[in-house]
1. Considering the stretch 133-147 alone, what residues qualify as being open to solvent by 10 Å² or more (accessible area, probe 1.4 Å) and either free of Cβ contacts under 8 Å to residues at least 12 places away in the same chain or in contact with a helix residue (DSSP H, G or I) (Cβ under 9 Å, 6 or more places away or on another chain) (or both)?
2. Checking the condition buried (at least 22 other Cβ atoms within 10 Å of the Cβ) and closer than 30 Å to Ala13 by Cβ, which residue from Val102, Val50 passes?
3. Looking at (1) surrounded by 20 or more Cβ atoms within 10 Å (Cβ to Cβ); (2) over 30 Å from Leu149 (Cα atoms); (3) at pLDDT 95 or above, which is the one condition that is false for Thr312?
4. Of all residues in the stretch 166-204 being assigned to a helix (DSSP H, G or I), over 18 Å from the mean Cα position of the chain (by Cα) and in contact (Cβ under 8 Å) with a residue 12 or more places away in the chain, which is surrounded by the fewest Cβ atoms within 10 Å (Cβ to Cβ)?
5. Being of a type outside the set (A, V, I, L, M, F, W, C), modelled with pLDDT under 95 and either closer than 26 Å to His62 by Cβ or not in a loop (DSSP other than H, G, I, E, B) (or both) narrows it down to one residue among Arg126, Arg122, Arg159; which is it?
6. Which condition number does Met124 fail, the rest of (1) free of Cβ contacts under 8 Å to residues at least 40 places away in the same chain; (2) open to solvent by less than 30 Å² (accessible area, probe 1.4 Å) being met?
Amino acid sequence: MKSPLLELSGAVAADRPDEEVAAHYGEPAQEQRALEAGTAFVDRSNRGVVRVSGPDRLRWLHSLFSQHLEKLPPNEPTQALLLSPNGHVEHHLHLVDDGAAVWAHVEPGTAPGLVEFLDRMRFMLRVEVADLSDEYAVVTGGPEIPGALEFPDVAGPSRIIERSALAGMPERARPAGIWAYEAFRIAAHRPRLGLDTDHRTIPHEAGWIEDAVHLDKGCYRGQETVARVHNLGRPPRRLVMLHLDGSVDRLPAHGDPVELNGRVIGFVGSAARHYELGPIALAMVKRTAPVDAELLAGGVAAAQEIVVSPDTGANAEIKLRRQPTRRA
């Protein structure tokens with residue numbers, strides 16, 4: 001659903017999968033500074049919004065997802081993954097229970113598939129699942145919005161608001177494009193499903209073990225892979241952040257190869273120009289690639305910053321070098 005904020009003066013539409021919102025409004029660097037200062041918000045209304053209601057909702061979701069949800073306290077945000085039977089990541093959710101229903105926001109275009117899967121799994125349980133993406137929208141940053149559900153995020157809290165209120169948001173704060181949010185997200189080492197991952201990605205590779213997986217909960221779909229890697233093995237790949245050569249006037253594109261000594265060892269996920277760090281990107285590379293090796297990302301020279309340690313798994317202590325998420 002195309003955002004009404006694309007009609008604002010200076011708005012430039014983003015590329016897929018964010019083509020329904022603005023990349024920027026004419027001043028990308030200034031928009032980043034305003035977002036960091038808390039005086040701007042980002043329109044992320046292309047994200048899907050799903051609600052699960054009913055008295056059995058937490059117990060049911062606990063049995064399906066990677067996170068411990070059975071006793072999730074009201075208004076405590078968390079993250080969860082839906083895995084394939086083989087442990088590959090199919091959905092990444094930011095969710096919160098408001099005491100009556102679980103609300104989740106998910107990547108653009110993924111809500112219908114998620115709802116379809118959940119509907120098939122309801123059986124006789126007292127739960128109802130709804131895709132409310134046409135009625136609700138996600139925004140990040142800006143001033144507090146009374147009554148809105150909040151999720152900590154890398155550029156100020158993200159909130160679920162009524163979609164009808166979106167057009168009035170520029171009266172509350174300066175609009176900043178998705179480029180501003182993406183710059184902070186990449187700098188904070190936070191991957192996006194479908195951009196920084198592919199159909200083979202398992203949780204350990206992307207660093208989601210820390211935020212979206214509970215390692216001591218009971219059985220759920222794909223749990224065998226998580227347990228096997230954590231206790232016995234190593235993931236085949238790892239997420240890295242790349243500091244790109246600032247003298248090059250372009251960013252590598254999503255899917256561009258990452259090379260080491262002429263050999264392809266991975267792919268570029270997302271890239272952005274950070275107003276302080278310069279050009280940066282996230283990439284998925286082979287675990288065995290030396291952490292100090294200089295790489296080529298889409299032909300652009302790049303130095304690595306570790307996100308997921310090559311030693312992750314096999315009961316290794318996982319320490320992800322991430323910036324904290326921000327609350328209001």
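The values are calculated or read from the model by the stated rules, or taken from the named source; none is laboratory data. Since we're looking at a predicted model, the values are computed, not measured. In this analysis, Cβ positions are derived from the backbone assuming ideal geometry, glycine residues included, and neighbour counts consider all displayed protein chains. For the accessible areas, the whole protein counts, side chains as well, though only heavy atoms, and no ligand, DNA or RNA atoms are used. Shrake-Rupley method; radii C 1.70, N 1.55, O 1.52, S 1.80 Å.
1. Those that are open to solvent by 10 Å² or more (accessible area, probe 1.4 Å) and either free of Cβ contacts under 8 Å to residues at least 12 places away in the same chain or in contact with a helix residue (DSSP H, G or I) (Cβ under 9 Å, 6 or more places away or on another chain) (or both): Ser133, Asp134, Glu135, Tyr136, Gly142, Ile145, Pro146, Gly147.
2. Val50
3. (3)
4. Checking each candidate, the answer is Ala167.
5. Working: Arg126 fails: modelled with pLDDT under 95; Arg159 fails: modelled with pLDDT under 95.
Of the residues listed, the single one that is of a type outside the set (A, V, I, L, M, F, W, C), modelled with pLDDT under 95 and either closer than 26 Å to His62 by Cβ or not in a loop (DSSP other than H, G, I, E, B) (or both) is Arg122.
6. (2)
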